[in-house]
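Notes follow the structure.
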Amino acid sequence: MTSTPSTLPDGPQDTALPGVRPAVRAVPAYPFTPADVPIKLDQNENPYDFPAELKAEATRRMMERAWNRYPDLHADTLRARVAAYEGWDAGGVVLTPGSNVLIKILTELAGINQTVLTVRPTFSVYTLEASLLGASLVQVPLNEDFSLPVEGLKAALAANPPGVLYITQPHAPTGFVDGVDAVRELVEAARGWVVVIDEAYHEYSDTDYRALVRAHPNALSLRTFSKAWGLAGIRAGYALTSPELAENLQKLVSAFTMNTLTQCALEVALEQPAYVRQRVQEGVRERQRVLDALQAHPTCQALPSQGNFFLLRTPDPQVAYETLLSHGIVIRRQDNLPGLQGCLRIAIGTPAENDALIQAVQALH
Ligand SMILES: *Cc1c(COP(=O)(O)O)cnc(C)c1O
């Protein structure tokens, strides 16, 4: 039997692994290299660890639980706690190990063989999952001031078969917050679509889309324990939505995916959430202090933000990146993204870290 070399319709050739779907092979691996430096401002994490006394209580509960037993199938106890915390119907809460997992599942739910609509630039996970899962990806450029291109998105909603629309408030990676009216107009125009309002940073902007989501059964608020809660290492995020949409999403969540140890930590956090507000207040205060301190910079422009991070527009992002690194500070380059020429994304750290950042940026020219 002779075999002829097959030609893939698209994507690179890879004779070693012909079983891997071309769409997966075509996507480069997630481009993140951890830097071993003292001041980590590259992932928008909380600069403070989970409070020590809560960590001790979570550990105590972990010791009590049986690790040989499967956890709750759908983390029902935790869902009820999240629902009580958010003032939501527990039937409309879906928990996953990080909201990134929910983005994958939402793309499976509404994107595969359908449309994933978002803006450009946008959070990279939306476009990554659309590419991996073979959804038709449509991106509308943000307005120049980073506001939502409402008319462009409405035109795209009308022109494409339904799927999922991702809106981020505050936006990532710009930190821009739109008016509620703009977001409402989009949600109302997106009949037949699943509309995701990613609120990963809402604690820092004092915005809250629960009322809008409650009024639209096809809308969903995406929230995370990774930022304001300081629990990125625990991996947990959730959706607040209608029971109908939650029920369908839940079908795509792997069974037993919220592990026993994560559940213990989250139960403790939800019982004593006061630390979150205190840290957010400091973060917001520090954001203002850093932005003010950088206002008079001769060549760099610190752009306003409502998140726990901001963009710094520099004349030479490569030099800026290396200069900050030489000061022991790692940040994230975003200058390859459309509309973000020269931009670095910098998380707000502790006051001491922010002092070091301000000093290091002053050294740029
Ligand atoms: C950080 C972030 C998340 C959170 O992801 P997790 O998987 O919950 O850690 C979600 N959306 C955006 C836009 C983010 O920046």
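The values are calculated or read from the model by the stated rules, or taken from the named source; none is laboratory data. In this text the structure is predicted, and so the values were computed from the model without any measurement. Note that each Cβ is placed from the backbone with ideal geometry, even for glycine, and that neighbours are counted across all protein chains shown. The protein model used for the area step is the full one, side chains on, heavy atoms only, and it has no ligands, DNA or RNA in it. Shrake-Rupley method; radii C 1.70, N 1.55, O 1.52, S 1.80 Å.
Determine whether region 282-301 contains at least one residue that is over 30 Å from Gln139 (Cα atoms), surrounded by 14 or more Cβ atoms within 10 Å (Cβ to Cβ) and of a type in the set (Gly, Ala, Ser).
Yes: one or more hits.
Select from region 51-85 the residues that are farther than 30 Å from Lys251 by Cα and in contact with a Phe, Trp or Tyr (Cβ under 8 Å, 6 or more places away or on another chain) and list them in ascending order.
Pro51, Leu54 - these are the residues of region 51-85 that are farther than 30 Å from Lys251 by Cα and in contact with a Phe, Trp or Tyr (Cβ under 8 Å, 6 or more places away or on another chain).
Within region 249-263, is even one residue in contact (Cβ under 8 Å) with a residue 40 or more places away in the chain, more than 14 Å from the ligand (Cβ to nearest atom), open to solvent by 40 Å² or more (accessible area, probe 1.4 Å) and assigned to a helix (DSSP H, G or I)?
Scanning region 249-263 turns up at least one residue that is in contact (Cβ under 8 Å) with a residue 40 or more places away in the chain, more than 14 Å from the ligand (Cβ to nearest atom), open to solvent by 40 Å² or more (accessible area, probe 1.4 Å) and assigned to a helix (DSSP H, G or I).
Filter region 111-134 down to residues that are within 26 Å of Asn44 (Cβ to Cβ), out of contact with any helix residue (DSSP H, G or I) (no Cβ under 9 Å at 6 or more places or on another chain) and either more than 16 Å from the ligand (Cβ to nearest atom) or polar (S, T, N, Q) (or both), then give me how many there are.
Looking only at that region, the number is 3.
So which of Leu95, Leu54, Leu157, Leu137 is part of a strand (DSSP E or B), away from the ligand (no atom under 16 Å from the Cβ) and not small (Gly, Ala, Ser)? Quick ask: steps written out before the conclusion?
On the way: Leu95 fails: away from the ligand (no atom under 16 Å from the Cβ); Leu54 fails: part of a strand (DSSP E or B); Leu157 fails: part of a strand (DSSP E or B).
Checking each option against the conditions leaves just Leu137.
Go through region 260-319 and give me each residue that's charged (D, E, K, R) and either in contact with a His (Cβ under 7 Å, 6 or more places away or on another chain) or within 29 Å of Gln359 (Cβ to Cβ) (or both). Step through it out loud before you land on a result.
First pass over region 260-319, keeping only residues charged (D, E, K, R): 267, 271, 277, 279, 282, 285-287, 289, 292, 313, 316.
If the condition is that a residue be charged (D, E, K, R) and either in contact with a His (Cβ under 7 Å, 6 or more places away or on another chain) or within 29 Å of Gln359 (Cβ to Cβ) (or both), then Arg279, Glu282, Arg285, Glu286, Arg287, Arg289, Asp292, Arg313, Asp316 are the ones that fit.
From the set of residues in region 336-363 that are among the aliphatic types (A, V, I, L, M), in a loop (DSSP other than H, G, I, E, B) and at pLDDT 95 or above, which is surrounded by the most Cβ atoms within 10 Å (Cβ to Cβ)?
Pass one, region 336-363, residues among the aliphatic types (A, V, I, L, M): 337, 340, 344, 346-348, 352, 356-358, 360-361, 363.
Retained after the next criterion (residues that are in a loop (DSSP other than H, G, I, E, B)): 337, 340, 348, 363.
Next, only the ones that are at pLDDT 95 or above stay: 337, 340, 348.
Details: Leu337: 16, Leu340: 21, Ile348: 28.
Going through the qualifying residues, I end up with Ile348.
Test of understanding: among Ala75, Ala80, which residue is among the aliphatic types (A, V, I, L, M) and at pLDDT 95 or above?
Values: Ala75 fails: at pLDDT 95 or above.
Checking each option against the conditions leaves just Ala80.
Looking only at residues in region 227-245 that are of a type in the set (Ser, Thr, Tyr) and open to solvent by less than 10 Å² (accessible area, probe 1.4 Å), which one is nearest to Ala172 (Cα to Cα)? Break it down stepwise before answering.
Of region 227-245, the ones of a type in the set (Ser, Thr, Tyr) are 238, 241-242.
Okay, now just the ones that are also open to solvent by less than 10 Å² (accessible area, probe 1.4 Å), so 238, 241.
Values: Tyr238: 18, Thr241: 21 Å.
Top of the filtered list is Tyr238.
Residues to consider are Leu212, Leu266; find the one that is in a helix (DSSP H, G or I), touching a helix residue (DSSP H, G or I) at 6+ places or on another chain (Cβ under 8 Å) and within 13 Å of the ligand (Cβ to nearest atom). Outline the logic, then answer.
Values: Leu212 fails: within 13 Å of the ligand (Cβ to nearest atom).
Every option except Leu266 fails the conditions.
Restricting attention to region 310-335, which residues are in contact with a Pro (Cβ under 9 Å, 6 or more places away or on another chain) and part of a loop (DSSP other than H, G, I, E, B)?
Keep residues of region 310-335 that are in contact with a Pro (Cβ under 9 Å, 6 or more places away or on another chain), which gives 310-311, 328-330, 332-335.
Hits for region 310-335 are Gly328, Gln334, Asp335.
What pairs come up if the first residue lies in region 226-238 and is in contact (Cβ under 8 Å) with a residue 12 or more places away in the chain and on the phi < 0 side of the Ramachandran plot, the second is within 7 Å of the ligand (Cβ to nearest atom) and open to solvent by 30 Å² or more (accessible area, probe 1.4 Å), and their beta carbons are under 6 Å apart, counting only those six or more places apart or on different chains?
Sorted first by the residue in region 226-238, then by its partner, the pairs are Ser226/Ala232.
What are the pairs, 6+ residues apart or on separate chains, where a residue within region 30-44 that is under 19 Å from Ser226 (Cβ atoms) and without any contact (Cβ under 8 Å) to a residue 12 or more places away in the chain has its Cβ under 9 Å from a residue that is more than 16 Å from the ligand (Cβ to nearest atom) and open to solvent by less than 30 Å² (accessible area, probe 1.4 Å)?
Pro34/Val330
Evaluate region 182-196: report whether one residue or more is assigned to a loop (DSSP other than H, G, I, E, B), open to solvent by 20 Å² or more (accessible area, probe 1.4 Å), in the same structural domain as Ile167 (by TED's automatic domain parsing) and within 16 Å of the ligand (Cβ to nearest atom).
No, every residue in region 182-196 fails to be assigned to a loop (DSSP other than H, G, I, E, B), open to solvent by 20 Å² or more (accessible area, probe 1.4 Å), in the same structural domain as Ile167 (by TED's automatic domain parsing) and within 16 Å of the ligand (Cβ to nearest atom).
Six or more apart or on different chains, Cβ under 8 Å: which pairs go from a residue in region 104-133 that's assigned to a helix (DSSP H, G or I) to one that's of a type outside the set (Asp, Glu) and at pLDDT below 95? Could you list them?
Pairs that qualify, where the first residue is assigned to a helix (DSSP H, G or I) and the partner is of a type outside the set (Asp, Glu) and at pLDDT below 95, are Leu128/Val27; Leu128/Tyr30; Ser131/Ala23; Ser131/Ala26; Ser131/Val27; Leu132/Ala23; Leu132/Val24; Leu132/Val27.
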